[in-house]
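The values are calculated or read from the model by the stated rules, or taken from the named source; none is laboratory data. No experiment lies behind these values; they were computed from the predicted model shown. A quick note on method: Cβ atoms are made from the backbone with ideal geometry, for glycine too, and the neighbour counts reach across all protein chains shown.
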Amino acid sequence: MYIYDAIDQRLVDERVAQYRDQTRRFLAGELTEEEFKHLRLRNGLYIQRYAPMLRVAIPYGELASRQLRKLAHVARTYDRGYGHFSTRQNLQLNWPRLEDVPEILAELATVQMHAIQTSGNCVRNITTDHYAGIAPDEIVDPRIYCEILRQWSTFHPEFSYLPRKFKIAFNGAQMDRAAVRFHDIGLRAVRADDGAVGFRVLVGGGMGRTPILAPVIREFLPWQHLLTYVAAILRVYNRYGRRDNIWKARIKILVKDLTPERFRDEVEAEWVHLKDGPETLTIEELERVSTRFTQAAYERLPASDPGFEWQRQTNVAFARWVERNVAPHRMPGYAAVTLSLKKTGTPPGDATADQMDAVADLADRYSFGELRVTHEQNLLLPNVRQRDLYEVWGEARALGLATPNLGLLTNIISCPGGDFCSLANAKSIPVAEAIQRRFDDLDYLHDIGELDLNISGCMNSCGHHHAGHIGILGVDKQGAEFYQVSIGGNQGDDASIGKVIGPSVAQDEIPDVIEKLVKTYIERRDSEHERFIETVRRIGLEPFKEAIYGNPHQDSASSARQLAVA
Amino acid sequence: MATLIKIRQVVQDSWQLLEPTADGALPTILPQGDVIVPLALWQRDREKLLARGGRLGVWLQSSEGPEAIADDLAQFEVIAVSFPKFTDGRGYSTARLLRDRYGYRGEIRAIGDVQRDQLLYLSRCGFDAFSLKEGRDPQAALSAFSDFSEAYQGAVGQPLPLFRRRFANAPDGMEWS
């Protein structure tokens, strides 16, 4: 956990005062709706379908127990007693009053939290692997660089009115767990032959209306040049990114239009002027930021705990939970525990204030007071002793946070959708729930194996549907809510963008469609070791299309019609 | 005479901003006195403008970069950068390039949709004069310059980022502020 110094704290306090004054001026009629909109958005406040929505920053997903308790307090005092953890590792409050927001921000500032740049056309919360700092396959701890970049991008005078929002992701491990290819800038730690640390720089990925996997702009950027190189990218984008059409304003369109090669030439030409300048990082700064992170006081433990092994062998339900929701740790005898926010009947990513308080207590008792928010909208206890796992499981079950479904079909990523969001074409939460109910049988769920199912209520893709093995997108058909289904998307090292399988379908047909896709996979997989995504890649879309829409060469009319295709 | 915020004070503005006519045409008769002309007029009537008495400035639209005037900077006492909407952030880069790359030392003035809450960032990018959007009280806007007492990044006027100043102040090691 990064601990603020006096200057970090002062800046956040000054932001609270600034925003309090902006709110006052708006309520006094000194700022128009439109003018205030751009100011409040820079502080994470949207005006939603029924009420404002406040997005609180959780930088790179790291959270201390006292911060989670504060979020619980805020949810209880100023909202309706719950919050929604988002795919950008932030927390969204759905019902705050606009007038109360300055007070909420003041409360957050007392625990080193804020809502700075959680929306607006600026550099947003920087995200990373939720196993950062504890992963056995880590090259460097990306949180140090995330924090350095967080500070640099906070209130950046030149890059606060970009053509569009700007999302940066870091990955510090061998395996990509930060979906770097789907970001405006993706940075992947690499170690050169001589041991030097640097980053592979990818630019221009994204989801939305035009999903693109980011191309590599630079194979190796030595860490010292991180800030100047990002500045060069942002300057090229700020100057030349499109501002005439909101749908073409993201950096991915600029990279695509120029071609990645020409874009790189522009960046490198700009960088010549910035390289080795005052913003070149120093080893002292790297060390200073590292030492401001709290260090867990790990015990020396054997790699494997006999009690834990015994429990695992004798208790099937516990073993299943361990298999899905517990991940290895770089320290012997420790593990990382995912607390699932995907219980059937609860909107994915939602947690009540009472759950937040209880999770904060778990973190204090079992994980050195540390927590993470994952981009799959779950919470994580990063430092649990193996010998405590059985107890943690029991407590998590009592809290409804032990659904053993990580990596499985019911671990659905979903945006809040049309129930809350004014941008949405269609609802997401009831669709997620209907699917979870259909696949409620745990044995069947585990037999299906790893399958990412992601739902977005509109093209803005907050639910990452393009990256789901199965993706569901809400669309508007003459005022009615319909859903377009795609398959073959994937996050991670072999990232890919899902392909639409056919015409969109009505909400009540979705569970059937998913079941047919799953059945087709089960019939066609070459063994239970072949995952859904691998089968799709091997056999292509056709068998799946046929299962849903029938064989176009034989009986084209009837089965398609049955589905009330829109 | 209009008012202007100049170096964090409200002053009277002696400059006249020359705009193209509604159909985009440039004026044929050049005005007297201190005048800020559109880039296109400078490019068309350069010699005539220089031969004229009175001081000269040029203004850039948000799509016009500093490269267009890089060789002529010595001719201008003022470079105005236009913000057609305050959300159009290109002018911030224009000003930084004028100061950092081209070494321009004269006045850089923000014109157009310029409001209180942009002033601090604009000044950190090198703007030192601000012609606020009509109807806005420049006196009340002055407090914007002190919204924040510190900044992480380097910028015009303070090229060293905070992390370098921390160490400059404590050469033996870390300064735990």
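Some values worked out for this structure:
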quantity	calculated
Subset of segment B:43-62 (residues that are charged (D, E, K, R) and part of a loop (DSSP other than H, G, I, E, B))	B:R52, B:R55
Residue within segment A:212-219 that is touching a His at 6+ places or on another chain (Cβ under 7 Å), more than 14 Å from chain B (Cβ to nearest Cβ) and in contact (Cβ under 8 Å) with a residue 12 or more places away in the chain present	yes
Residue, modelled with the highest pLDDT, within segment B:160-174, restricted to residues that are more than 9 Å from chain A (Cβ to nearest Cβ) and assigned to a loop (DSSP other than H, G, I, E, B)	B:A170
Yes/no for A:I144 being out of contact with any strand residue (DSSP E or B) (no Cβ under 8 Å at 6 or more places or on another chain), in the same structural domain as A:L234 (by TED's automatic domain parsing) and either under 28 Å from A:Y19 (Cα atoms) or in contact (Cβ under 8 Å) with a residue 40 or more places away in the chain (or both)	no
When residues of segment A:162-184 are limited to those that are without any contact (Cβ under 8 Å) to a residue 60 or more places away in the chain and surrounded by 21 or more Cβ atoms within 10 Å (Cβ to Cβ), the one farthest from the other protein chains (Cβ to nearest Cβ)	A:A173
Of residues in segment A:148-161 being facing chain B (nearest Cβ under 7 Å) and in contact with a strand residue (DSSP E or B) (Cβ under 8 Å, 6 or more places away or on another chain), the one nearest to A:C462 (Cα to Cα)	A:H156
Any chance A:V111 is among the hydrophobic types (A, V, I, L, M, F, W, C) and either over 21 Å from A:I148 (Cβ atoms) or surrounded by 23 or more Cβ atoms within 10 Å (Cβ to Cβ) (or both)	yes
Qualifying residues in segment B:95-130 (those that are of a type in the set (S, T, N, Q) and buried (at least 23 other Cβ atoms within 10 Å of the Cβ)) - the one nearest to A:G277 (Cα to Cα)	B:S123
Count of residues meeting criterion [among the acidic types (D, E) and at the interface with chain B (Cβ under 10 Å from one of its Cβ atoms)] in segment A:15-68	4
Qualifying residue in segment B:45-61 (condition: closer than 23 Å to A:Y161 by Cβ, more than 8 Å from chain A (Cβ to nearest Cβ) and in contact with an Asp or Glu (Cβ under 7 Å, 6 or more places away or on another chain))	no
Some residue of segment B:66-76 being outside any strand (DSSP E or B), within 24 Å of A:S153 (Cα to Cα) and more than 12 Å from chain A (Cβ to nearest Cβ)	no
Test: A:L105 is crowded, with 23+ Cβ neighbours inside 10 Å, more than 18 Å from the chain's Cα centre (by Cα) and not in a loop (DSSP other than H, G, I, E, B)	yes
Within segment A:1-14, tally of residues that are assigned to a helix (DSSP H, G or I) and facing another protein chain (nearest Cβ under 8 Å)	5
Residue satisfying all of: in segment A:307-322; touching a residue at least 24 places away in the same chain (Cβ under 8 Å) and among the aromatic types (F, W, Y); nearest to A:L408 (Cα to Cα) among these	A:W321
Among residues of segment A:407-424, those that are buried (at least 21 other Cβ atoms within 10 Å of the Cβ) and assigned to a loop (DSSP other than H, G, I, E, B), counted	10
Check on B:R96, in a helix (DSSP H, G or I) and basic (K, R)	yes
Counted residues, segment B:77-93 - those being part of a loop (DSSP other than H, G, I, E, B), within 12 Å of another protein chain (Cβ to nearest Cβ) and under 12 Å from the mean Cα position of the chain (by Cα)	0
Matching residues, segment A:181-211, being more than 17 Å from the chain's Cα centre (by Cα) and among the aliphatic types (A, V, I, L, M)	A:A189, A:V190, A:A192, A:A196, A:V197, A:V201, A:L202, A:V203
Residue, nearest to the other protein chains (Cβ to nearest Cβ), within segment B:145-159, restricted to residues that are in a loop (DSSP other than H, G, I, E, B) and of a type in the set (S, T, Y)	B:Y152
In segment A:145-180, the residues that are under 19 Å from the mean Cα position of the chain (by Cα) and among the β-branched types (V, I, T)	A:I168, A:V180
Selection within segment A:355-378 - touching a helix residue (DSSP H, G or I) at 6+ places or on another chain (Cβ under 7 Å) and either closer than 20 Å to A:D79 by Cα or part of a helix (DSSP H, G or I) (or both)	A:M356, A:D357, A:V359, A:A360, A:L362, A:A363, A:D364, A:Y366
Residues within segment B:103-123 that are touching a helix residue (DSSP H, G or I) at 6+ places or on another chain (Cβ under 9 Å), of a type outside the set (K, R) and within 11 Å of chain A (Cβ to nearest Cβ), tallied	8
Residues of segment A:333-354 satisfying the condition of being surrounded by fewer than 20 Cβ atoms within 10 Å (Cβ to Cβ), in a loop (DSSP other than H, G, I, E, B) and not hydroxyl-bearing (S, T, Y)	A:G333, A:K343, A:G345
A:Y145 among the aromatic types (F, W, Y) and more than 14 Å from chain B (Cβ to nearest Cβ)	no
